[in-house]
Amino acid sequence: MALYLLFESASGYALFHAYGIDEIGQSVDAVRSSVLDLKRFSKAVKLAGFTPFSSAIDALNQCNAISEGIMTDELRNFLELNLPKVKDGKKAKFSVGVMEPKVGSHITEATGIPCQSNEYVQELLRAVRLHFDQFIDQLKPSDLEKAQLGLGHSYSRAKVKFNVNRVDNMVIQAIFLLDTLDKDVNSFSMRVREWYGWHFPELVKIVNDNYLYAKLAKFVVNKSDLSEKDIPALADLIGDEDKAKEIVEAAKASMGQDLSPVDLINVQQFAQRVMNLSEYRKNLYEYLVTKMNDIAPNLTSLIGEMVGARLISHAGSLSNLAKCPASTLQILGAEKALFRALKTRGNTPKYGLIFHSSFIGRASTKNKGRMARYLANKCSIASRIDCYSDIGSSIFGEKLREQVEERLDFYDKGVAPRKNLDVMKAAIEGLTNTEDDDGKENGEASVKKSKKKKSKAEANGDAMDVDNVAAKAEPETEKKKKKKKHALDEPQDEEMQANGEDKTPKKKKKKNRDVSESVDPKTGTEGKKKKKKSKTADE
């Protein structure tokens with residue numbers, strides 16, 4: 001079977017015919033060593049076709065399509081022109097070697113051309129890339145390098161282009177920094193407790209919070225200087241006057257050793273560092289909350305900022321998280337336990353990072369797995385809405401959270417939850433209502449400006465209303481006159497029908513019918529009845 005090699009270069013598509021290479025009995029190492037020699041390789045491979053890209057934009061579009069595993073129309077036309085034609089109902093006597101397996105599968109699905117991508121083909125394509133400028137006469141090595149450099153820069157710029165307000169990379173960095181800060185603050189706080197505990201050991205039992213302990217260590221410094229005058233200041237720091245009195249009394253009867261002024265200064269400076277780190281940790285958490293509300297508002301309202309940020313950072317990006325199915329999202333973060341269970345043929349884990357959600361903790365032990373599966377399903381929906389929707393609203397996340405709450409009630413109390421279709425309809429209605437409200441708020445400014453014009457127009461409108469009333473009264477009087485005439489004409493028509501005069505009554509009937517149609521629909525029906533009467537009279 002003949003083998004063709006498809007090579008995507010920065011300057012265009014190239015197709016090579018590998019006619020002098022026998023795949024059977026050759027190892028990858030043997031091929032790798034033999035293709036380095038241009039003379040041997042040129043005898044086994046020849047150029048079958050080459051089509052250059054029309055512009056740099058075209059080259060970028062083709063590069064993006066190849067990276068996503070999509071066959072473009074240009075590539076399809078190139079393959080159909082340069083490959084041997086296959087008769088209908090018969091198998092192809094050749095195959096195309098490609099570097100990307102996704103591209104090969106798409107080519108096979110779309111055109112029926114058999115493709116392969118293995119180590120043997122990849123080694124041949126690496127050799128083609130190495131000697132590519134030697135196969136095309138008009139292409140210089142410098143031109144190829146310029147094309148590769150330009151395409152590389154444009155491809156990188158296209159990948160880096162994003163919405164500044166929806167940068168998930170900032171969330172990933174923030175959650176990593178938050179985790180490291182938690183560890184550092186805890187270890188430094190323990191060091192402050194141990195260091196200052198030599199001087200004032202009773203303070204550890206009175207104050208449990210690390211941040212407050214660092215504040216007090218900086219404020220007290222020397223326990224022998226504490227007195228009852230410092231109780232109001234201590235009460236302001238702690239927020240509890242009883243504890244402040246307890247600290248003063250403990251300082252008077254403390255069993256700790258005395259420290260030199262230099263040691264106390266170092267302890268004070270270190271306590272200040274711990275306080276600064278704790279305050280920075282709070283600011284970083286607020287920053288993470290705001291970024292998560294901008295990037296993934298629905299996921300944040302459903303599962304919380306911390307768990308949502310951990311899911312995004314573990315998946316790599318919000319788009320990667322949106323591409324994950326619910327079953328993968330459920331065990332995201334428990335990969336070690338999963339592979340250990342697969343290896344030992346044990347029970348697979350029921351949850352990963354979503355275990356930190358409050359919903360899993362509130363569920364009973366027998367329903368934790370079911371709750372994790374349901375919550376992963378809703379998180380998958382919320383992440384896809386956040387990734388692919390242009391409207392930054394958290395309505396869907398709130399409705400999904402209500403669904404999870406209803407599911408919890410269903411597991412505990414047996415209360416039937418609402419259908420998913422009804423909940424999504426309510427969410428869409430709420431979204432449209434919010435959009436309408438925003439439009440009304442934007443229109444209020446223009447309404448205020450037009451109030452003066454309306455007040456002026458109202459004065460003119462009153463005069464116009466009077467004229468309209470008079471105009472309406474006139475046709476009503478005309479209608480009454482027509483009705484009176486019609487009532488006078490009816491007995492005359494009956495007399496004419498009795499006497500047998502047919503010519504003149506017909507004209508009068510037509511006139512009466514026209515008048516009746518313009519006045520009242522009832523008179524039209526009366527005219528039809530009169531027609532029937534006249535026909536019976538003629539007979």
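Key figures for this structure:
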read-out: Complete set of residues in the stretch 25-65 that are more than 43 Å from the chain's Cα centre (by Cα), outside any loop (DSSP other than H, G, I, E, B) and aliphatic (A, V, I, L, M); value: V28, A30, V31, L38, A44, V45, L47, A48
read-out: Test: residue in the stretch 270-287 that is small (G, A, S) and farther than 30 Å from F219 by Cα; value: no
read-out: Subset of the stretch 236-293 that is open to solvent by 70 Å² or more (accessible area, probe 1.4 Å) and among the basic types (K, R) - its residue that is farthest from W198 (Cα to Cα); value: K282
read-out: Hits in the stretch 347-359 - residues which are within 25 Å of the chain's Cα centre (by Cα) and open to solvent by 70 Å² or more (accessible area, probe 1.4 Å); value: F355, H356
read-out: Complete set of residues in the stretch 218-240 that are under 50 Å from the mean Cα position of the chain (by Cα) and charged (D, E, K, R); value: K218, D236, D240
read-out: Number of the condition not met by L139 [criteria: (1) in a helix (DSSP H, G or I); (2) surrounded by 14 or more Cβ atoms within 10 Å (Cβ to Cβ)]; value: (1)
read-out: Test: residue in the stretch 216-227 that is under 30 Å from L311 (Cβ atoms) and surrounded by 14 or more Cβ atoms within 10 Å (Cβ to Cβ); value: no
read-out: Residue match in the stretch 5-15 (condition: at pLDDT 80 or above, surrounded by 14 or more Cβ atoms within 10 Å (Cβ to Cβ), in contact with a His (Cβ under 9 Å, 6 or more places away or on another chain) and not in a loop (DSSP other than H, G, I, E, B)); value: yes
read-out: Tabulated pairs, the stretch 399-410, first part of a helix (DSSP H, G or I), second small (G, A, S) and open to solvent by less than 10 Å² (accessible area, probe 1.4 Å), C-beta under 6 angstrom, 6+ apart or interchain; value: K399/A427; L400/A382
read-out: Only one of L329, L338 that is in a helix (DSSP H, G or I) and in contact with a helix residue (DSSP H, G or I) (Cβ under 7 Å, 6 or more places away or on another chain); value: L329
read-out: Among (1) farther than 30 Å from P52 by Cβ; (2) open to solvent by 20 Å² or more (accessible area, probe 1.4 Å); (3) part of a helix (DSSP H, G or I) - the single one L149 does not satisfy; value: (1)
read-out: Residues of the stretch 314-346 classified as open to solvent by less than 30 Å² (accessible area, probe 1.4 Å) and either of a type in the set (V, I, T) or under 15 Å from the mean Cα position of the chain (by Cα) (or both), total; value: 6
read-out: Counted residues, the stretch 270-305 - those being more than 14 Å from V167 (Cα to Cα) and in contact (Cβ under 8 Å) with a residue 12 or more places away in the chain; value: 20
read-out: Filtered residues of the stretch 360-399 (kept if open to solvent by less than 40 Å² (accessible area, probe 1.4 Å), farther than 18 Å from L329 by Cα and β-branched (V, I, T)); value: I395
read-out: Residues of the stretch 365-397 that turn out to be modelled with pLDDT under 90 and among the small types (G, A, S), as a count; value: 4
read-out: Residue pairs meeting the criteria (Cβ under 6 Å; at least 6 apart or on separate chains; first closer than 14 Å to E405 by Cα and of a type in the set (S, T, Y), in the stretch 349-377; second open to solvent by less than 60 Å² (accessible area, probe 1.4 Å) and assigned to a helix (DSSP H, G or I)); value: S357/I303; S357/V307; Y374/R407
read-out: Any hit, the stretch 168-182, residues being more than 30 Å from C387 (Cβ to Cβ) and open to solvent by 60 Å² or more (accessible area, probe 1.4 Å); value: no
read-out: Number of the condition not met by K205 [criteria: (1) surrounded by 12 or more Cβ atoms within 10 Å (Cβ to Cβ); (2) at pLDDT 85 or above]; value: (1)
read-out: Matching residues, the stretch 66-86, being part of a helix (DSSP H, G or I), aliphatic (A, V, I, L, M) and open to solvent by 10 Å² or more (accessible area, probe 1.4 Å); value: I66, L81
read-out: Long-range neighbours under 7 Å by Cβ, at least six apart or interchain, first residue of a type in the set (D, E) within the stretch 133-147, second part of a helix (DSSP H, G or I) and open to solvent by less than 100 Å² (accessible area, probe 1.4 Å); value: D133/P141; D133/L144
read-out: Residues satisfying the stated conditions in the stretch 293-346, i.e. under 10 Å from S383 (Cβ atoms) and not aliphatic (A, V, I, L, M); value: N298, G308, S319, N320, K323, C324
read-out: Inter-residue pairs, beta-carbon under 8 Å, first at positive phi and in the stretch 102-130, second crowded, with 16+ Cβ neighbours inside 10 Å and polar (S, T, N, Q), 6+ apart; value: none
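The values are calculated or read from the model by the stated rules, or taken from the named source; none is laboratory data. What you see is a predicted model, and the numbers here were worked out from it, not measured in a lab. Because the Cβ atoms are built from the backbone with ideal geometry, glycine has one as well, and the counts that use them run over all protein chains shown. Heavy atoms of the whole protein, side chains included, go into the accessibility calculation; ligands, DNA and RNA do not. Shrake-Rupley method; radii C 1.70, N 1.55, O 1.52, S 1.80 Å.
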